[in-house]
1. Kindly provide the set of residues from segment 49-73 that are under 15 Å from GLY86 (Cβ atoms) and not in a helix (DSSP H, G or I), ordered by number.
2. Checking the structure you have, find out if any residue of segment 194-202 is within 16 Å of ligand 1 (Cβ to nearest atom), in contact (Cβ under 8 Å) with a residue 40 or more places away in the chain and not aliphatic (A, V, I, L, M).
3. Exactly one condition in (1) at pLDDT below 95; (2) touching a Lys or Arg at 6+ places or on another chain (Cβ under 7 Å) is not met by VAL81; state its number.
4. Let me confirm something: among ARG210, ARG206, which residue is within 25 Å of GLY452 (Cβ to Cβ) and more than 16 Å from ligand 2 (Cβ to nearest atom)?
5. Consider ILE250 carefully, then state whether it is within 30 Å of PRO444 (Cβ to Cβ) and surrounded by 14 or more Cβ atoms within 10 Å (Cβ to Cβ).
6. Look through segment 372-400, keep the residues that are of a type in the set (Gly, Ala, Ser) and out of contact with any strand residue (DSSP E or B) (no Cβ under 8 Å at 6 or more places or on another chain), and return whichever of them is surrounded by the fewest Cβ atoms within 10 Å (Cβ to Cβ).
7. If only one of THR310, THR341, THR323 is in a loop (DSSP other than H, G, I, E, B) and surrounded by fewer than 17 Cβ atoms within 10 Å (Cβ to Cβ), which one is it?
Amino acid sequence: MNVMGHPNPDGYDPQSVERKWQRRWEERGTNHANLAGAARPFFNLMMFPYPSAEGLHVGNVFAFVGADIQGRYHRLRGHDVFEPLGFDAFGIHSENFALKVGTHPAELIPRNIARFRTQLQRIGLMADWRYEVQTTDPRYYKWTQWTFLQLFRAGLAVKRRAGVNWCPACKTVLANEQVIGGFCERHPDVKVEQRMLDQWFFTITRYAQRLLDHLETADWSHSTRTIQANWIGRSEGAELVFETPAGKPITVFTTRADTVFGATYLVLAPEHPLVSELTTAERRGEVAEYRRRVAAMDLVSRKVGDKTKTGVFTGSYARNPATGAAVPIWIADYVLMEYGTGAIMAVPGHDERDFEFARAMKLPIVRVVAGPGQDAATPLTAAEPDVPDGRLVNSPGYDGLPWEEAARRITDALAARGLGKAVVNYRLHDWCISRQRYWGPPIPIINCDDCGTVAVPEKDLPVVLPALEDFRPDDSGISPLARAEGWYRVACPSCGKM
Ligand SMILES: [Zn+2]
Ligand SMILES: [Zn+2]
């Protein structure tokens, strides 16, 4: 039959033809790879599907068919092709589907996998099904946990308290990429909040420069490599130190040290650790209220530039290291802890956000870079971030210098006084891998009151996910595994304490 329900005029009946040949492949082991003795091995690995639905969707098939064609091509070229398949069966997609249909994932996911497998076999991929893996199988996630332990020992998996995006509907942490205009990607009508939680991170930022350097050799289009380079976001600049009469100095990161003479105020992220100390008694109420309000916002909408500027004055001042002038210290939601040092020197004459903020808060705006036809007195009706052929003005000792050269010289001069240094900064963040959810491989770490975080000995892997009747996430931000006391209370492998 063809798609119209009529017998195919050519007599071709895919139902019987495909079955016949797929059975033949099965009998002859056509797709069995010779793993031990292949003369010309070719490993044709493709993404494993999440079995988080009733069956495959056409996007899965689209991806697998292309990869399968590649495998077949190499087989015809005389390679011994190994094309494995498996199921990425842990994770929030599978768990959410289980919640939606009201069935425990331990029962539902194997059923989905069976259905997916049947469908994948009917497509006729050249997969070697003898080597199927399921990421939910303890024999598999033993190695997920083993990999974690290697990263932990190398100092590349670390636990720290951090501000995170929290979806009240998912009841879990979201990556920045999962927050769309302030809302959850899975719940377009749910506002994402910010919470402070203890989280595990992979410290990928330590590889930022290597990732960037090796992009040069990646066999990808120029546009994709540019997106990736922007995501890593390297910027060269300086850390400058603004001293405070109260005590602790404030360090800011800037890519434009040449504009320091135009820094007329400082802005700290509301979460900055020095805020409490810097806030004067009479400003305390307003600052606390503002910090509470910002804590309820998500990190992504705070980065969106085109909104009304809000902020409050802490009551304190810091010394501009170049001018020596006392500049007021504010807090505002447009400054984030996660980029740079969590504090900025505001240069309203040459930064758009600072300009809007200064206008809204009636703070001084000073020109420190002038282009051809402009001078120190040329009024600023808007921020001028990029002044073509700009040279410094209103910057005693540096007036007339091209801005790039002035940036270097000012950084050097401040460094000589212990008030600055040249640094490289990246936009890339460490990768948060914690999820306050049930359906995943447990992190193989024991928390001991005396020893702190202790790795589970490798001989004791896998740490098997316990069967939990009530696996639903709640609003506490604590994993449902915290309900399984009989499972998590064990002797410390280091000191033996329970
Ligand atoms: Zn959500
Ligand atoms: Zn211990």
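1. PRO49, TYR50, PRO51, SER52, LEU56
2. yes
3. (1)
4. Details: ARG210 fails: within 25 Å of GLY452 (Cβ to Cβ).
Going through ARG210, ARG206 in turn, just one is within 25 Å of GLY452 (Cβ to Cβ) and more than 16 Å from ligand 2 (Cβ to nearest atom): ARG206.
5. Details: within 30 Å of PRO444 (Cβ to Cβ): no; surrounded by 14 or more Cβ atoms within 10 Å (Cβ to Cβ): yes.
Judged against the criteria, ILE250 is not a match.
6. Narrowing segment 372-400 to residues of a type in the set (Gly, Ala, Ser): 373, 376-377, 382-383, 390, 395, 397, 400.
Those still in the list that are out of contact with any strand residue (DSSP E or B) (no Cβ under 8 Å at 6 or more places or on another chain) too: 373, 377, 382-383, 395, 397.
On the way: GLY373: 6, ALA377: 9, ALA382: 10, ALA383: 19, SER395: 24, GLY397: 12.
Taking the candidates together, the pick is GLY373.
7. On the way: THR341 fails: surrounded by fewer than 17 Cβ atoms within 10 Å (Cβ to Cβ); THR323 fails: surrounded by fewer than 17 Cβ atoms within 10 Å (Cβ to Cβ).
Within the list THR310, THR341, THR323, the selection yields THR310.
Residue-wise test of (1) assigned to a loop (DSSP other than H, G, I, E, B); (2) farther than 29 Å from MET337 by Cβ; (3) away from ligand 1 (no atom under 16 Å from the Cβ).
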residue	(1), (2), (3)
ARG130	no, yes, yes
ARG139	no, yes, yes
ALA162	no, no, yes
ASN165	no, no, no
ALA169	yes, no, no
GLU177	no, no, no
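The values are calculated or read from the model by the stated rules, or taken from the named source; none is laboratory data. All values derive from a computational prediction rather than experimental measurement. Quick reminder, even Gly has a Cβ in these numbers, built from the backbone with ideal geometry, and neighbours come from all protein chains shown.
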